[in-house]
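Asker: Below is the structure I would like to discuss, written out as structure tokens.
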């Protein structure tokens, strides 16, 4: 998994001026979970993906959809 860092998640989080800890608290997970998702080392559930997108004001496509090459 680790080959796909989620840069879009990190950028969206920073644009909202949220720390990993603040985002984690808002969606009910640990800061480590957010860090692992951003690092590409954790595959979040669809429920968690939706919660993250709601907090960040984005869509699943914006943050989690991987473009085919």
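Any read-out appearing in this document is the output of simple, stated calculations on the displayed coordinates, not a laboratory observation. Keep in mind that what you see is a predicted model, and the values were worked out from it rather than measured.
Asker: Pull out the extension gain between residue 19 and residue 45, defined as 0.36 nm times the separation in residues minus the alpha carbon to alpha carbon distance; nm, one decimal.
Answerer: Values: separation 26, 0.36 × 26 = 9.36 nm, distance 2.08 nm.
So the extension gain works out to 7.3 nm.
Asker: Another question about this same structure. Name the shape class, rounded, prolate or oblate, that the alpha-carbon gyration tensor gives for region 1-68, where a ≥ b ≥ c are the square roots of its eigenvalues, rounded holds for a/c under 1.5, and otherwise prolate holds if a/b is larger than b/c and oblate otherwise. Display every interim value, and only then the final one.
Answerer: Numbers: a/c = 1.42, a/b = 1.20, b/c = 1.18.
Rounded, because the longest to shortest axis ratio a/c is under 1.5.
Asker: In degrees between 0 and 90, to the nearest 10, how far off the longest principal axis of the chain does helix 46-56 point, with axes built from Cα atoms?
Answerer: So the inclination is approximately 60 degrees.
Asker: Separate question: Using Cα-Cα distances under 8 Å and only pairs 6 or more residues apart, what relative contact order does the chain have, in percent?
Answerer: RCO, the chain: 38 percent.
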